[in-house]
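Here's the structure, in structure tokens; my notes come after.
The values are calculated or read from the model by the stated rules, or taken from the named source; none is laboratory data. Just so it is clear, the structure is predicted and the values come from calculations on it, not from any experiment. Cβ sites come from the backbone with ideal geometry, for glycine too, and all protein chains shown count toward neighbours.
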Amino acid sequence: MKTDVNRIMLVGTGSGCGKTTVTCGLLQALKDRGIKAASFKCGPDYIDPMFHSEIIGTKSRNLDLFLCGENTVRYLLSENGKDADIAVIEGVMGMYDGLGFEDDSFSANHISRVTAAPEILIVSAGGKSISLLAELSGYLNFGENQIAGVILNHCSAGMYPVYKNMIEEKLSVRCYGFMPKVAEAELGSRHLGLVTAEEVDDLRDKMEALGRAAAGSLDIDGILELAASAPSLECEEIRVAPVTDRPVKIAVARDKAFCFYYEDNFMLLRRLGAELIPFSPLEDIGLPDGISGMILGGGYPEEHLEKLSANKAMRCAVRQAVQSGMPVYAECGGFMYLGESIERNGRAYAMAGALPGCSHMTEKLVRFGYKTLTANEDNLMCSCGEQIRCHEFHYSDSDNAGDGFTASKGKRSWQAVQTGDTVFAGYPHLHLWSNLRFAENFVKKCEAFKWK
């Protein structure tokens with residue numbers, strides 16, 4: 001299939017260079033001009049897409065070559081970007097930073113090549129003069145890339161013309177504007193990155209401030225022209241058919257404690273026949289009526305332990321549902337909630353008690369990064385021997401992380417995920433487009449429970 005998607009990718013020199021600030025500013029400026037934008041984030045990050053989504057009013061998506069592969073990345077970009085005037089893709093880390101240290105595999109730059117998305121390099125101009133040219137020259141000439149322009153972050157209106165003339169004259173690359181410091185739009189952070197969009201009380205004011213700054217300092221018309229120059233996207237269509245005769249209701253935990261989800265996972269589950277019903281382990285006292293399955297995603301349960309523990313009615317409802325054989329798919333924070341307790345600062349907080357094991361917070365990342373899961377036994381999501389790629393990002397660990405799968409990363413391997421005929425619960429985050437059978441089996445098992 002071939003689809004016309006006007007697109008650009010905003011890449012950076014490294015984490016903290018201002019990719020998210022510039023992306024949010026550009027998205028808000030586009031919205032203020034009545035231009036319909038679709039937004040995407042390279043890699044497995046959950047938080048940046050939340051900010052994109054708050055601005056554009058529709059869900060932002062992830063593009064991840066390791067988790068999904070080249071054709072699926074092109075397909076998801078095509079499907080979710082085809083009705084927009086422009087697709088804005090935010091890169092991850094430095095543009096060349098990928099899985100390892102030997103090449104740029106699975107980096108933002110790699111995704112740019114696979115999707116033929118013109119790149120605009122974001123670089124901080126703060127504290128630099130002619131050294132900025134050396135830095136930019138390194139990125140332009142280091143490896144194969146599609147850098148078509150530059151945006152200067154932390155740049156003043158007075159200095160921008162000086163930098164612009166210097167860059168365009170000596171490096172022959174176009175400048176697409178700058179972003180000044182917008183103090184009133186600064187966002188907080190914590191151990192997994194930025195705070196989530198839902199936690200920022202004055203988010204709308206902050207985004208509007210970024211949008212005003214972007215409208216006055218970015219070359220919006222030039223960026224639109226560059227996006228329109230991208231060639232048609234070509235990929236093999238991925239056909240997904242319902243696996244149920246009628247919709248099957250599946251409850252999804254969605255609140256400040258449980259908010260890490262890939263929107264394309266939800267799109268896939270709906271296509272397979274799922275009707276997704278949100279609920280809050282923080283606020284609700286019971287599960288939604290008529291459900292036949294549960295999904296508990298990751299998030300920040302450790303920031304809401306007292307309230308989660310105090311909601312005994314919900315903890316009891318979740319425990320009884322799991323013990324009754326209702327299919328449950330839980331990742332990271334959701335897995336921690338299903339266990340017996342979560343310990344933080346020397347105090348243990350009672351959780352659902354639906355699965356054996358206790359979690360505790362740590363001082364550093366545990367088993368961080370991409371890996372491949374291979375099933376050790378038949379389970380809710382797959383048969384023994386089947387594989388799916390995943391990602392982990394957590395400052396906690398469990399005394400019962402499970403042994404239903406063997407997780408492998410390079411030459412290292414270990415056991416992961418508590419599994420059963422109706423259970424998949426562990427630290428790994430799955431992108432279900434990595435192996436459609438996992439999603440198909442989950443929906444089928446939920447339908448089977450419905451008719452028990």
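Conditions tested, residue by residue: (1) closer than 26 Å to Cys446 by Cβ; (2) in contact with a helix residue (DSSP H, G or I) (Cβ under 9 Å, 6 or more places away or on another chain); (3) assigned to a strand (DSSP E or B).
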{"site": "Val366", "(1), (2), (3)": "no, no, no"}
{"site": "Thr372", "(1), (2), (3)": "yes, no, yes"}
{"site": "Met381", "(1), (2), (3)": "yes, yes, no"}
{"site": "Asn400", "(1), (2), (3)": "yes, no, no"}
{"site": "Thr419", "(1), (2), (3)": "yes, no, yes"}
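Consider Gly126 carefully, then state whether it is touching a residue at least 12 places away in the same chain (Cβ under 8 Å), out of contact with any helix residue (DSSP H, G or I) (no Cβ under 8 Å at 6 or more places or on another chain) and farther than 26 Å from Glu236 by Cβ.
Values: touching a residue at least 12 places away in the same chain (Cβ under 8 Å): yes; out of contact with any helix residue (DSSP H, G or I) (no Cβ under 8 Å at 6 or more places or on another chain): yes; farther than 26 Å from Glu236 by Cβ: yes.
So Gly126 fits the description; yes.
Within this structure, Leu380 fails the test of being assigned by TED's automatic domain parsing to the domain that holds Gly353 and under 20 Å from the mean Cα position of the chain (by Cα). Considering region 224-268 alone, what residues qualify as being of a type in the set (S, T, N, Q) and touching a Phe, Trp or Tyr at 6+ places or on another chain (Cβ under 8 Å)? Matches in region 224-268: Asn265 only. The residue of region 421-439 that is nearest to Asp264 (Cα to Cα), among those that are outside any strand (DSSP E or B) and aliphatic (A, V, I, L, M), is Leu432. Of the strands (runs of 3 or more DSSP E) lying entirely inside region 2-86, not one is found with 3 or more residues being surrounded by fewer than 20 Cβ atoms within 10 Å (Cβ to Cβ).
Checked against the criterion of being at pLDDT 95 or above, over 28 Å from Phe438 (Cα atoms), assigned by TED's automatic domain parsing to the domain that holds Ala401 and in a helix (DSSP H, G or I), the candidates Ala313, Ala317 yield just one match: Ala313.
Conditions (1) out of contact with any Gly (no Cβ under 9 Å at 6 or more places or on another chain); (2) in the same structural domain as Asp103 (by TED's automatic domain parsing); (3) under 20 Å from Asp97 (Cβ atoms); (4) not charged (D, E, K, R), marked per residue:
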{"position": "Gly126", "(1), (2), (3), (4)": "yes, yes, no, yes"}
{"position": "Ile130", "(1), (2), (3), (4)": "yes, yes, no, yes"}
{"position": "Glu135", "(1), (2), (3), (4)": "yes, yes, yes, no"}
{"position": "Tyr139", "(1), (2), (3), (4)": "no, yes, yes, yes"}
{"position": "Ser172", "(1), (2), (3), (4)": "yes, yes, no, yes"}
{"position": "Cys175", "(1), (2), (3), (4)": "no, yes, no, yes"}
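For Ser131, the conditions (1) at negative phi; (2) surrounded by 13 or more Cβ atoms within 10 Å (Cβ to Cβ) are fulfilled apart from (2).
Please indicate, with yes or no, whether at least one residue in region 11-20 is assigned by TED's automatic domain parsing to the domain that holds Gly211 and in contact with a His (Cβ under 8 Å, 6 or more places away or on another chain). Write out each step before concluding.
Start the filter on region 11-20 by keeping residues that are assigned by TED's automatic domain parsing to the domain that holds Gly211, which leaves 11-20.
Narrowing further to those that are in contact with a His (Cβ under 8 Å, 6 or more places away or on another chain): 18.
There is at least one residue in region 11-20 that is assigned by TED's automatic domain parsing to the domain that holds Gly211 and in contact with a His (Cβ under 8 Å, 6 or more places away or on another chain).
From the residues in region 305-315 that are surrounded by 15 or more Cβ atoms within 10 Å (Cβ to Cβ) and hydrophobic (A, V, I, L, M, F, W, C), which one is farthest from Gly420 (Cα to Cα)?
Here is the first cut: in region 305-315, the residues surrounded by 15 or more Cβ atoms within 10 Å (Cβ to Cβ) are 305, 307-309, 311, 314-315.
The next check asks that each one be hydrophobic (A, V, I, L, M, F, W, C); those that pass are 305, 308, 314.
Values: Leu305: 27, Leu308: 25, Met314: 23 Å.
The residue in question is Leu305.
Determine whether region 286-302 contains at least one residue that is outside the structural domain of Met50 (by TED's automatic domain parsing), free of Cβ contacts under 8 Å to residues at least 60 places away in the same chain and aromatic (Phe, Trp, Tyr). Within region 286-302, not a single residue is outside the structural domain of Met50 (by TED's automatic domain parsing), free of Cβ contacts under 8 Å to residues at least 60 places away in the same chain and aromatic (Phe, Trp, Tyr). Of the numbered criteria (1) in contact with a Ser or Thr (Cβ under 8 Å, 6 or more places away or on another chain); (2) surrounded by 24 or more Cβ atoms within 10 Å (Cβ to Cβ), the one Glu331 fails is (1).
Scanning region 391-409 for residues that are small (Gly, Ala, Ser) and crowded, with 17+ Cβ neighbours inside 10 Å returns Ser396, Ser398, Ala401, Gly402, Gly404, Ala407. Screening the candidates Arg33, Arg61 for the property of being under 11 Å from the mean Cα position of the chain (by Cα) and touching a residue at least 24 places away in the same chain (Cβ under 8 Å) yields one hit, Arg61.
Can you say whether Ile250 is hydrophobic (A, V, I, L, M, F, W, C), touching a residue at least 12 places away in the same chain (Cβ under 8 Å) and under 23 Å from Ala439 (Cα atoms), as far as the supplied structure shows? Steps first, please.
On the way: hydrophobic (A, V, I, L, M, F, W, C): yes; touching a residue at least 12 places away in the same chain (Cβ under 8 Å): yes; under 23 Å from Ala439 (Cα atoms): yes.
The answer is yes for Ile250.
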